[in-house]
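The values are calculated or read from the model by the stated rules, or taken from the named source; none is laboratory data. Since the model is a prediction, treat every value here as computed from it, not as a measurement. So basically every Cβ, Gly included, is an ideal-geometry build from the backbone, and we count neighbours across all protein chains shown. Just the protein is used for accessible areas: all its heavy atoms, side chains included, with ligands, DNA and RNA removed. Shrake-Rupley method; radii C 1.70, N 1.55, O 1.52, S 1.80 Å.
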Amino acid sequence: MTTFVDRVELHVAAGNGGHGCASVHREKFKPLGGPDGGNGGRGGDVILVVDQSVTTLLDYHHSPHRKATNGQPGAGDNRSGKDGQDLVLPVPDGTVVLDRQGNVLADLVGQGTTFIAGQGGRGGLGNAALASARRKAPGFALLGEPGEARDVVMELKTVADVALVGYPSAGKSSLISVLSAAKPKIADYPFTTLVPNLGVVTAGSTVYTIADVPGLIPGASQGRGLGLEFLRHVERCSVLVHVLDTATLESDRDPVSDLDVIEEELRQYGGLDDRPRIVVLNKIDIPDGQDLADMIRPDLQARGYRVFEASAVARTGLKELSFALAEIVAEARAAKPVEEATRIVIRPKAVDDAGFTVVQEEDGLFRVRGEKPERWVRQTDFNNDEAVGYLADRLNRLGVEDQLMKAGARAGDGVAIGPEDNAVVFDWEPSMMAGAEMLGRRGEDHRLEAPRPAAQRRRDREAERDDAQREFDEFDPF
C-alpha cells in the first residue's frame with residue numbers, strides 16, 4: 001500500500017447558512033408583541049492550512065470528499081442560530097491548489113499559510129431584522145445561502161533548496177544519507193526510492209534542505225517510469241545536482257550520455273533552464289569508477305559544469321560538495337526580492353457602477369447578472385408571497401426595473417436572474433408602486449396574481465361573512 005501521495009482531487013463543500021425565522025412574540029396581555037424571529041447561523045468554511053508535520057496528501061487520497069457543518073436556523077424570541085464549524089484541513093508545505101482546468105488558485109508555502117477552498121453560506125435574516133417603519137411585522141424571513149461546493153486539485157511540490165537528479169541506482173539516496181540525517185531506503189536494485197526524501201544539511205553558517213528525487217529514465221517527461229510523478233518536486237529548488245554513476249554495470253550506459261538524457265527530460269518538462277547545475281561523479285571508491293571519473297571530468301568541465309567527485313561509502317568529497325551547494329543556495333537567497341507586507345488596496349465603487357448588468361440574449365430573454373440580485377434570489381422563499389414582494393421591492397430600489405426598461409423590456413417579457421444553469425425565470429410586470437402600502441396580511445402580497453389556496457379560502461370566508469353582515473344590516477322588519 002502506498003504511503004506517499006503528491007496529487008489528489010478533492011471535493012469540498014462548505015456549510016449551508018441557516019434559515020431565518022419568521023415569528024411573532026406572543027405573551028399574555030401583549031397581543032402586539034412584534035416580530036421576534038432570529039437570524040440563521042453562518043455555514044462553516046473549508047480551509048486549507050499548511051502544517052509542516054504533514055508530508056503527504058495520503059489522507060485526502062483515501063477520503064476525497066470533505067464537508068463543513070451547516071449553520072443552524074434561527075428561532076423565536078430573537079434567538080439566532082449557531083454558526084457552522086469551519087473544517088480545517090492540514091496540507092504539506094509546498095501544496096499548489098488548482099481548479100479542474102489547471103488554473104492556479106493558491107500556492108501554499110510557509111507554516112500557517114491558509115486558503116479558503118469553500119466559502120460557507122450566509123445565514124438568512126429573521127423577520128425581526130427585516131422589520132421597518134413601513135413593514136412592522138414581516139410574515140417572512142430570508143433563507144440561508146448554500147455553501148460553496150467545488151472540486152480542486154492539490155499537487156505537492158517539495159520545498160527544497162537542492163534537488164538530486166539522476167538515473168535509478170546512481171547513488172542519490174546514499175549521498176543524502178551521508179550529507180544529512182535522512183534515512184532513505186538504500187538497495188542495489190533500480191527504483192529503490194519511490195518517494196522524494198528530504199534532508200537538512202548544515203555547511204558553516206548556511207542551513208539548507210536537499211531532496212532526493214526518484215530516478216529518472218528516458219521518456220520521464222512523457223510519463224515513463226516515475227519521473228513524471230516526481231519532476232514537479234524539483235521546480236522550487238535553487239540548484240540541480242546531477243548524480244552520475246561512474247561504476248554502472250550496464251554496458252549501454254556511460255555518465256556523459258546519462259547526463260544528456262536527464263538534461264533532455266528536464267528541458268522537455270520546462271521551467272528549469274535558469275537553475276544552476278552541479279555534477280557529482282559518484283562511486284569513485286570503486287577502482288573502475290575513479291578511472292572513468294578521471295576520463296570524463298575534462299569533458300564535463302569544458303561544458304561549463306562544476307564537477308565534484310564523491311563517494312558515499314568512503315565518505316570522500318562530501319565536505320567540498322556541501323560547502324559548494326551552500327554557497328549557491330546563499331547566493332540564490334540573497335538574490336530573491338525582499339517580501340513586502342501585503343498592502344490593503346481600496347477600490348471604491350465607480351459612480352456609474354450599478355452592481356449588476358442586464359443583457360438581452362438571442363432568444364429574447366433578458367438576463368440579470370450581479371452579486372446582489374443573485375444573492376437576494378437565493379435567499380427568497382418563493383412559497384411566500386410577501387417574501388417575493390419584498391424581493392421585487394429590493395430589485396426595484398436597486399434599479400433593475402429601470403435598466404430593464406432601458407434595455408427594451410416590455411410587460412410579459414421573460415427575465416432571468418442568475419447564471420444559465422441555476423437561474424430564476426419569470427414574466428416581467430413593471431411595478432407602479434412598491435412598499436408596505438401594497439401589502440395585505442402577513443405572508444401575502446396583492447401584487448402577485450398567483451392565488452394561494454389557503455389565502456383564497458380566507459378571502460372567501462371573509463366575503464361570505466361580509467355579505468351576511470350586509471344582509472343583516474339591510475334587514476328591516478318594520
Margin query: Return the pair list, or none, for Cβ contacts closer than 8 Å from residues in the range 190-208 that are on the phi < 0 side of the Ramachandran plot and of a type in the set (S, T, N, Q) to residues that are modelled with pLDDT of 80 or more and open to solvent by 30 Å² or more (accessible area, probe 1.4 Å), at least 6 apart or on different chains.
Written below: T206/E327; T206/A330
Margin query: Kindly evaluate G81 against the criterion of being buried (at least 18 other Cβ atoms within 10 Å of the Cβ), in contact (Cβ under 8 Å) with a residue 24 or more places away in the chain, touching a Pro at 6+ places or on another chain (Cβ under 8 Å) and closer than 20 Å to R378 by Cα.
Written below: yes
Check: Among the residues of the range 317-327, which ones are more than 19 Å from D285 (Cα to Cα) and open to solvent by less than 20 Å² (accessible area, probe 1.4 Å)?
Finding: A324, L325, A326
Notebook entry, point to check: What pairs can you find where one residue is in the range 271-298 and part of a loop (DSSP other than H, G, I, E, B), the other is of a type in the set (K, R) and open to solvent by 50 Å² or more (accessible area, probe 1.4 Å), and their Cβ atoms are less than 9 Å apart, with a gap of 6+ or different chains?
Noted result: D273/R267; P276/R306
Check: Pick from the range 391-404 the residues that are closer than 19 Å to K136 by Cα and open to solvent by less than 30 Å² (accessible area, probe 1.4 Å): which of them is modelled with the highest pLDDT?
Finding: L391
Check: Among the residues of the range 66-80, is there at least one that is of a type in the set (G, A, S) and under 20 Å from the mean Cα position of the chain (by Cα)?
Finding: yes
Notebook entry, point to check: Say we look at the range 201-222 and pick out the residues that are open to solvent by 10 Å² or more (accessible area, probe 1.4 Å) and hydrophobic (A, V, I, L, M, F, W, C); which of these is modelled with the highest pLDDT?
Noted result: V207
Next item on the list: With the condition kept exactly as written, say whether any residue in the range 8-17 is in contact (Cβ under 8 Å) with a residue 24 or more places away in the chain, open to solvent by less than 40 Å² (accessible area, probe 1.4 Å) and touching a helix residue (DSSP H, G or I) at 6+ places or on another chain (Cβ under 6 Å).
Entry: yes
Note to self: For the range 25-39: of the residues being open to solvent by 40 Å² or more (accessible area, probe 1.4 Å) and outside any loop (DSSP other than H, G, I, E, B), which is farthest from K67 (Cα to Cα)?
What the structure shows: K30
Check: How about the range 264-307: which of its residues are among the hydrophobic types (A, V, I, L, M, F, W, C) and open to solvent by 50 Å² or more (accessible area, probe 1.4 Å)?
Finding: I286, M295, A302
